[in-house]
Amino acid sequence: MKSPLLSLPGAVPAEGVDEGVAAHYGDLFREQRALADGTGFVDLSHRGVVTVSGEDRLSWLHLLLTQHVSELPAGQATEALILSAHGHIEHALYLVDDGETVWAHVEPGTQEALIAYLESMKFFYRVEVADRTADFAVVHLPAGSIADAPEGVVVRETAYGRDLFLPRADLEAYAVQAGPPAGILAYEALRVEQHRPRLGFETDHRTIPHELGWIGTAVHLQKGCYRGQETVARVQNLGKPPRRLVFLHLDGSEVHLPVPGTGIRLADEGPDGRKIGFITTSVRHYELGPVALALVKRNVPVDARLMAGETAAAQEVVVEP
C-alpha cells in the first residue's frame with residue numbers, strides 16, 4: 001500500500017520489500033540523529049497488521065508460537081516466531097494484547113500467508129483472525145519520544161520505542177503533530193546498530209532462531225510444544241547452530257556498501273578464499289559509519305579479519321560461537 005506521507009516535502013520512495021513508504025526525507029543522517037534523540041516518527045504503514053480476537057486467542061496462539069503468551073498481560077509487548085516442522089523461521093510477529101484482541105504487525109506482504117496458516121489451525125477454538133492492513137497503519141515513535149498516542153489507539157511499547165496501530169485514515173493528521181518524519185533507512189540503521197534481526201533480511205530458507213539471537217526475545221525455552229520445537233530443544237541442549245549473526249564495521253574508504261548477499265571470506269585467505277558467510281543488511285550509520293549485519297559459519301574465529309566482497313570488515317560478536 002502506498003503511504004500518503006510520500007507526499008511530504010523531500011520524501012524519496014523506498015524500494016524492494018519496503019516499497020510504499022519513504023526511504024528518507026532528504027537527510028538520512030539528520031533523520032537518524034532525530035530518532036536516536038527520541039524525536040520524530042517513522043512511517044511503517046506498509047507493514048501487515050493482523051488481529052486475533054475471541055476468548056481462546058491467547059491459549060490458542062500459545063500452541064502455535066515460539067513465545068509464552070497464554071498469560072500475556074494486556075498492554076505488554078512481545079515478539080514471537082512461527083517455525084516450520086524442521087525448526088526454520090517462517091514468520092515473525094510483533095505482538096500486544098489490548099485485553100480483547102491480540103494485535104500483531106508483520107513483514108510487508110507476509111500477512112496473507114500467515115493468516116492462511118492461522119486459519120488452518122483454528123479447529124474448534126473460539127478465535128477470529130483478521131487482516132487489518134487496509135484499516136490500520138503502523139507508526140513508530142522512538143525510545144524517549146514524548147509524542148502522545150491518540151486516545152484509543154493500541155500501543156506496543158518496547159525498549160526501542162512505541163509502535164502505534166493507528167487508523168489509516170488518521171495517518172496524515174497524526175504526522176502533522178508527531179514531529180519530523182524519518183525514513184525507513186534511518187530506522188534500519190538503528191536496527192542494525194541494535195543487532196536486531198529482521199525476517200527476510202537476516203533469514204533465509206534454513207535459518208533457525210539460535211543463529212540470530214532470537215532465543216529469549218522471541219523464543220521461550222520453557223513452554224509447551226509447538227511446531228519446530230524439537231529442533232530448538234535439540235540445538236539448545238545438545239549442540240550449536242551452524243551459523244551465527246555478527247555485527248560488522250566496514251572499511252569507510254569504500255564508496256559503495258556491500259549489498260545483501262555479498263560473500264564473506266577470511267582476509268588471510270586472499271581473493272580466492274572460501275566463502276564463510278554473507279552480508280544480510282548493510283547501512284551507513286550517522287556515528288559508526290558503514291556497518292552491517294551478517295551470517296557467518298559458527299567456527300569463524302571472533303578475531304578473524306574478514307572481507308565482504310572487496311571491503312575489509314571487523315566483526316563484533318552478536319551470537320556466541
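The values are calculated or read from the model by the stated rules, or taken from the named source; none is laboratory data. Given the structure is predicted, the values throughout are model-derived calculations rather than measurements. Every residue, glycine among them, receives a Cβ derived from its backbone with ideal geometry; neighbour counts consider all protein chains shown. The protein model used for the area step is the full one, side chains on, heavy atoms only, and it has no ligands, DNA or RNA in it. Shrake-Rupley method; radii C 1.70, N 1.55, O 1.52, S 1.80 Å.
Considering only the range 80-139, how many residues are over 24 Å from Val17 (Cβ atoms), touching a Phe, Trp or Tyr at 6+ places or on another chain (Cβ under 7 Å) and open to solvent by 10 Å² or more (accessible area, probe 1.4 Å)?
Number satisfying all stated conditions: 1.
For the range 60-145, which strands (runs of 3 or more DSSP E) that fit wholly inside it have 3 or more residues that are under 26 Å from Asp204 (Cα atoms)? Write out each step before concluding.
Values: elements: 78-83, 89-97, 101-106, 128-131, 136-142.
Counting at least 3 such residues, we get 78-83, 89-97, 101-106.
In the set Pro108, Pro13, which member is touching a strand residue (DSSP E or B) at 6+ places or on another chain (Cβ under 8 Å) and free of Cβ contacts under 8 Å to residues at least 40 places away in the same chain? Quick ask: steps written out before the conclusion?
Working: Pro108 fails: free of Cβ contacts under 8 Å to residues at least 40 places away in the same chain.
Among Pro108, Pro13, only Pro13 is touching a strand residue (DSSP E or B) at 6+ places or on another chain (Cβ under 8 Å) and free of Cβ contacts under 8 Å to residues at least 40 places away in the same chain.
Output the residues belonging to the range 197-225 that are surrounded by fewer than 20 Cβ atoms within 10 Å (Cβ to Cβ) and under 21 Å from Gly48 (Cβ atoms).
If the condition is that a residue be surrounded by fewer than 20 Cβ atoms within 10 Å (Cβ to Cβ) and under 21 Å from Gly48 (Cβ atoms), then Arg198, Leu199, Gly200, Phe201, Asp204, His205, Thr217 are the ones that fit.
Give the range 268-282 a look and list any residue that's touching a residue at least 40 places away in the same chain (Cβ under 8 Å) and surrounded by fewer than 22 Cβ atoms within 10 Å (Cβ to Cβ), or say none.
Thr281
Quick test for you: out of Asp251, Asp303, Asp268, pick the one residue that is more than 23 Å from the chain's Cα centre (by Cα), of a type in the set (D, E, K, R) and closer than 28 Å to Gln32 by Cα.
Working: Asp303 fails: closer than 28 Å to Gln32 by Cα; Asp268 fails: closer than 28 Å to Gln32 by Cα.
Just one listed residue meets the conditions, Asp251.
If I ask for residues that are open to solvent by 10 Å² or more (accessible area, probe 1.4 Å) and outside any loop (DSSP other than H, G, I, E, B), which ones from the range 283-300 would you list?
Val283, Arg284, Gly289, Pro290, Lys297
Matching residues to (1) within 28 Å of Gly20 (Cα to Cα); (2) over 17 Å from the mean Cα position of the chain (by Cα); (3) in a helix (DSSP H, G or I):
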| position | (1), (2), (3) |
| --- | --- |
| Ala149 | yes, yes, no |
| Tyr174 | yes, yes, yes |
| Glu188 | yes, no, yes |
| His195 | yes, no, no |
| His205 | yes, no, no |
| Tyr226 | no, yes, no |
| Pro241 | no, yes, no |
| Val246 | no, no, no |
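Just to be sure I understand the filter: pairs with C-beta atoms under 7 Å, separated by 6 or more residues or on different chains, first member in the range 141-170 and among the hydroxyl-bearing types (Ser, Thr, Tyr) and open to solvent by less than 40 Å² (accessible area, probe 1.4 Å), second member outside any strand (DSSP E or B) and at pLDDT 95 or above. Which pairs pass?
Final answer for the pair search is Ser145/Gly38; Ser145/Thr39.
Specify the residue that is most open to solvent (accessible area, probe 1.4 Å); the eligible residues are those in the range 12-31 that are in contact with a helix residue (DSSP H, G or I) (Cβ under 7 Å, 6 or more places away or on another chain) and not in a strand (DSSP E or B). Step through it out loud before you land on a result.
Pass one, the range 12-31, residues in contact with a helix residue (DSSP H, G or I) (Cβ under 7 Å, 6 or more places away or on another chain): 13-14, 18, 21-25, 28, 31.
Restricting the remaining residues to those that are not in a strand (DSSP E or B) gives 14, 18, 25, 28, 31.
On the way: Ala14: 11, Asp18: 15, Tyr25: 20, Leu28: 47, Glu31: 1 Å².
It comes out as Leu28.
Which is at positive phi, touching a strand residue (DSSP E or B) at 6+ places or on another chain (Cβ under 9 Å) and part of a loop (DSSP other than H, G, I, E, B), of Gly261, Gly252?
Numbers: Gly252 fails: at positive phi.
None of the others qualify; the one that does is Gly261.
Considering only residues that are among the hydroxyl-bearing types (Ser, Thr, Tyr) and either closer than 25 Å to Ala186 by Cα or not in a strand (DSSP E or B) (or both), which ones fall in the range 40-59? Step through it out loud before you land on a result.
Pass one, the range 40-59, residues among the hydroxyl-bearing types (Ser, Thr, Tyr): 45, 51, 53, 59.
Passing the criteria: Ser45, Ser59.
Only one of (1) farther than 24 Å from Ala173 by Cα; (2) surrounded by 19 or more Cβ atoms within 10 Å (Cβ to Cβ) fails for Ala34. Which number is that?
Tallying (1) farther than 24 Å from Ala173 by Cα; (2) surrounded by 19 or more Cβ atoms within 10 Å (Cβ to Cβ), Ala34 fails exactly one: (1).
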